[in-house]
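Presented below is the structure to which this report refers.
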Amino acid sequence: MKKRLLIIGAGGVGNVVAKKCARLTDVYSDIMLASRTKSKCDAIAAEIKEMKLQTAAVDADDAQQVAELIRSFKADLVINVALPYQDLPIMDACLETNVHYLDTANYEPIDEAKFEYSWQWAYQERFKEKGLMALLGCGFDPGVTGIFTAHAAKYHFDEIHYLDIVDCNAGDHGKAFATNFNPEINIREITQKGKYFENGQWVEIDAMSIHKPIDYPNVGPRESYLLYHEELESLVKNFPTLKRARFWMTFGQEYITHLRVLQNVGMTRIDPIMYNGVEVVPLQFLKAVLPEPSSLGENYTGETSIGCQIKGIKDGKDKTYFIYNNCKHQEAFDDVQAQGVSYTTGVPATIGAELMATGVWMKPGVYNVEEFNPDPFLAKLGEYGLPWHEMENVDLPHEY
Ligand code: NDP
């Protein structure tokens, strides 16, 4: 039976998810796109031909509002592509109304720049008891990077020992400074301390203090910075043979200079200050003056390249393996009028939701993507716009 899908969030990623899901007319009978600002939902819906989307305004910080919307629309499944702050209220609403849940970023409290899965994993028993499923982190990273790792573990290794997730955006949007996903979430992520996993322990480092050039396919060497990224937490739990797991992301010099200045003048603070008798959070104000991620697509050139470099053991021998996707910003724009970072997030969310809606990936409880069979997901990834490639026993670009 076809399903009724509620998408919450109408930013860069919401645009991709709405347009991609609307093409799945054999999976969904009805789709509603809801967000804080209804006019953004209406603008996206107006560009969709395959299906007439319903739209609504919702404040997803309020679980009751979300629950009422789910009831009135009679949703079967909710895709949350609003902000990480809304994860828990939306999960609460799903529990109250007996609806399945999917997101692309793990919860973080608004007053502390700290993300971890503990808050959402704590919903495990409640989802299980109700026969509901929550799929966490089904974007690209987290998301496809976990599925790539699961594929490597299934087909290429007896034991995975070293994992480096390498994330490059070699694109140019022509702006002096802009972030490719929500500026507030992005800047909170990269200004906090870095962290990686080694020999059973987490090693903390100063923000952006470890960096080196990594050679990306079709791009070449780019300076890459070691960051903490949320999928490391679930991957070291789900692949206990890992001796080390790290995450690297490229940043251009111009971006880093802007960020340093913004930090130095206090514009990245997340605590409220008083301005003209009004409480203002500097980072939220900064977000309001920066370009919206959804607006960057039109003249964006270049491509992203994201993958997993893995070393481990197969049949008693050392083995290296690299699996990755490259996505051209212009091709993403031609498909759904989005830039590549929104696209590489929205396409995996679309596939994860389809696998849930069709019962291929369906078990009660709260799960990360790598806990499912990667085959049906990877079978669709190229077809839906993100072809992937693999290399065995190549010289990996950096040492282990
Ligand atoms: P945007 O800022 O472009 O969009 C966010 C959307 O959420 C906006 O439409 C915003 O509404 C809406 N929103 C914010 N607060 C609320 C609320 N209280 N109630 C209802 N709607 C709300 O961000 P992106 O689309 O770039 O990112 C969306 C999500 O995707 C983020 O959580 C981000 O972390 C995640 N992401 C995950 C990636 C991955 O690979 N896993 C990569 C990139 C992003 P309004 O327009 O009114 O502000």
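The values are calculated or read from the model by the stated rules, or taken from the named source; none is laboratory data. None of the values given here were measured: they were computed from a predicted structure. All Cβ positions, even for glycine, are placed from backbone atoms using ideal geometry, and neighbour counts span all protein chains on display.
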Of the residues in region 287-346, those that are in contact with a Leu (Cβ under 8 Å, 6 or more places away or on another chain) and more than 16 Å from the ligand (Cβ to nearest atom) come to GLN309, ILE310, LYS311, THR320, PHE322
Please verify whether region 7-21 includes one or more residues that are touching a residue at least 40 places away in the same chain (Cβ under 8 Å), away from the ligand (no atom under 12 Å from the Cβ), closer than 19 Å to CYS94 by Cβ and assigned by TED's automatic domain parsing to the domain that holds VAL99. yes
Can you name every residue in region 22-47 that is in a helix (DSSP H, G or I), surrounded by 23 or more Cβ atoms within 10 Å (Cβ to Cβ) and within 16 Å of the ligand (Cβ to nearest atom)? CYS41, ILE44
Being under 22 Å from PRO84 (Cβ atoms), surrounded by 22 or more Cβ atoms within 10 Å (Cβ to Cβ) and at pLDDT 95 or above is the requirement here; does LEU226 meet it? no
Of the residues that make up region 48-55, is at least one more than 23 Å from ILE351 (Cα to Cα) and free of Cβ contacts under 8 Å to residues at least 40 places away in the same chain? no
With the checklist (1) farther than 22 Å from GLY346 by Cα; (2) at pLDDT 95 or above; (3) of a type in the set (Val, Ile, Thr) in hand, flag the one item THR145 doesn't pass. (1)
Within region 56-77, considering residues that are part of a strand (DSSP E or B) and free of Cβ contacts under 8 Å to residues at least 40 places away in the same chain, the one farthest from the ligand (Cβ to nearest atom): ALA56
Which residues, taken from region 195-238, are part of a loop (DSSP other than H, G, I, E, B) and on the phi < 0 side of the Ramachandran plot? ASP206, ALA207, SER209, ILE210, PRO217, VAL219, TYR228, HIS229, GLU230
Exactly one of LEU132, LEU136 is within 16 Å of the ligand (Cβ to nearest atom), under 19 Å from TYR101 (Cβ atoms) and not small (Gly, Ala, Ser), and that residue is LEU136
Residue set ILE185, ILE210; condition outside the structural domain of ALA93 (by TED's automatic domain parsing) and within 12 Å of the ligand (Cβ to nearest atom); output residue ILE185
For region 163-177, which residues satisfy the criterion of being crowded, with 18+ Cβ neighbours inside 10 Å and either within 16 Å of the ligand (Cβ to nearest atom) or of a type in the set (Lys, Arg) (or both)? ILE165, VAL166, ASP167, CYS168, ASN169, GLY171, HIS173
Within region 284-391, strands (runs of 3 or more DSSP E) holding 1 or more residues that are more than 28 Å from LEU259 (Cβ to Cβ) and assigned by TED's automatic domain parsing to the domain that holds HIS156: 301-314, 317-328
What's the number of the condition PHE157 fails, among (1) closer than 23 Å to GLY359 by Cα; (2) in contact (Cβ under 8 Å) with a residue 40 or more places away in the chain? (1)
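Rundown of residues vs (1) part of a helix (DSSP H, G or I); (2) near the ligand (Cβ under 10 Å from one of its atoms); (3) acidic (Asp, Glu), yes/no style:
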residue: MET91; (1), (2), (3): yes, no, no
residue: GLU96; (1), (2), (3): yes, no, yes
residue: TYR101; (1), (2), (3): no, no, no
residue: ASN106; (1), (2), (3): no, yes, no
residue: GLU116; (1), (2), (3): no, no, yes
residue: THR149; (1), (2), (3): yes, no, no
residue: HIS161; (1), (2), (3): no, no, no
Mind listing whichever residues of region 78-89 are crowded, with 24+ Cβ neighbours inside 10 Å and more than 9 Å from the ligand (Cβ to nearest atom)? VAL78, ILE79
